[in-house]
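Here's the structure we're looking at; comments come further down.
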Amino acid sequence: MIPVYTGKRLLAVSLLAGALAGCASTVDRLPILYKPEVRQGTFFDAQSVARLEPGMTRRQVSFVLGPPTIEDPFSDGRWDYVYEVEPRSTDLKPVSRKLTLFFDERGLSAARGSFIQPDNPLYEPEA
């Protein structure tokens, strides 16, 4: 047998669900809500990039910078490193770094991207 108050309970639950759904955008702005920052890619900094030298083997580069974020499947001699940070609950600025390394038969031959200045022996201008 169906209780008499089922209709009223169902109505109360639907009204409550509707009210909470309407407040969803307000809940996102509450200062007590923790949103972790999003870190993607392989971390690298200016000090690690400064340790790169022409002629380094892939294994040496991997030891200095870590594994590449992207190994280009169409070009055997190219490694890409990408590092991005999206702070969501702090006032920090977003970080976006990109580094492309090129290898030839002798080892590391060129680089371009973050922390590679024109006076660096690996510098290769953007094509």
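The values are calculated or read from the model by the stated rules, or taken from the named source; none is laboratory data. Given the structure is predicted, the values throughout are model-derived calculations rather than measurements. Note that each Cβ is placed from the backbone with ideal geometry, even for glycine, and that neighbours are counted across all protein chains shown.
Scanning the stretch 47-80 for residues that are farther than 14 Å from A110 by Cβ, among the aromatic types (F, W, Y) and under 21 Å from the mean Cα position of the chain (by Cα) yields one hit, F63.
Close contacts from the stretch 33-45, counting a first residue that is under 14 Å from P67 (Cα atoms) and at pLDDT 90 or above and a second that is small (G, A, S) and in a loop (DSSP other than H, G, I, E, B), with Cβ to Cβ under 8 Å and a gap of 6+ residues or different chains, come to T42/G66; F43/G66; F44/G66; F44/S114. In this structure, is R78 of a type in the set (D, E, K, R) and touching an Asp or Glu at 6+ places or on another chain (Cβ under 6 Å)? Against the criterion (of a type in the set (D, E, K, R) and touching an Asp or Glu at 6+ places or on another chain (Cβ under 6 Å)), R78 qualifies.
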